[in-house]
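**Q** One structure is given below, represented as structure tokens, and several questions about it will come after.
FYI, it's all coordinate maths here, none of it is from the lab. Note that this is a predicted model, so its numbers are computed, not measured. Here the Cβ positions follow ideal geometry from the backbone for every residue, glycine too, while neighbour counts run over all protein chains shown.
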Amino acid sequence: MSPEATNTDMPAVTTQRQDTNYVELEGVITSLPELRTMEHGDMRGTIQIATRRVYTTNGDTKNRDEFHHIVAWNSVARLLRDLKPGDRVSVFGRLQTRTWSDKDTGVKQARTEIVAESVILHH
């Protein structure tokens, strides 16, 4: 059926595409987890993971490593406590960019992070 074709027996349906902010990464932890309790009582945990993309250019196999900042809150943050550099994990979450001004220079800073909704340790 062409896009212009309609079925008069069916009601008109309009769909709108929803934007999706979903990230799934598998990589290796490169830093010790940092955990802290915030003023309001929530626990915040951070780790960094590395992922590797292997590709071929002109017959040469190359690697490109990327490093990702992961932020987790509360129950997911508590899971980070037992992780260590070298552990392989899968992280499921969303991208978030935060901005702040440097305390000393006043220069605006920005960082895009993955806010983890789930972290799975691979054995």
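**Q** Taking springs between alpha-carbon atoms closer than 10 angstrom, which of Arg52, Arg81, Arg17 fluctuates most in the Gaussian network model of the chain?
**A** Arg17
**Q** So which GluC sites (Glu not before Pro) in segment 16-96 pass both tests, a DSSP loop state and at most 14 other Cβ atoms within 10 Å of the Cβ? Display every interim value, and only then the final one.
**A** Numbers: sites: Glu24, Glu26, Glu34, Glu39, Glu66; in loops: Glu39.
Of the GluC sites (Glu not before Pro), the ones in loops of segment 16-96 whose Cβ has at most 14 other Cβ atoms within 10 Å are Glu39.
**Q** Place a +1 charge on the Cβ of each Lys and Arg in the chain and a -1 charge on the Cβ of each Asp and Glu, then give the dipole magnitude about the Cα centre in debye, rounded to the nearest 20.
**A** Values: 16 positive and 17 negative charges, 87 e Å.
Its charge dipole is roughly 420 debye.
**Q** Next question, about the same structure. Return the calculated 222 nm mean residue ellipticity for the chain, to the nearest 500 deg cm²/dmol, obtained by summing -39500 (n - 2.57) across DSSP H runs with n ≥ 4 and dividing by the residue count. Before the final figure, lay out the partial values.
**A** Numbers: 1 runs with 7 residues, N = 123.
Calculated from helices alone, the mean residue ellipticity at 222 nm is -1500 deg cm²/dmol.
**Q** Report the one residue of Asn58, Leu35, Leu95 whose Cα lies farthest in the direction of the positive end of the charge dipole of the chain (charges on C-beta: Lys and Arg +1, Asp and Glu -1; origin at the Cα centre).
**A** Leu35
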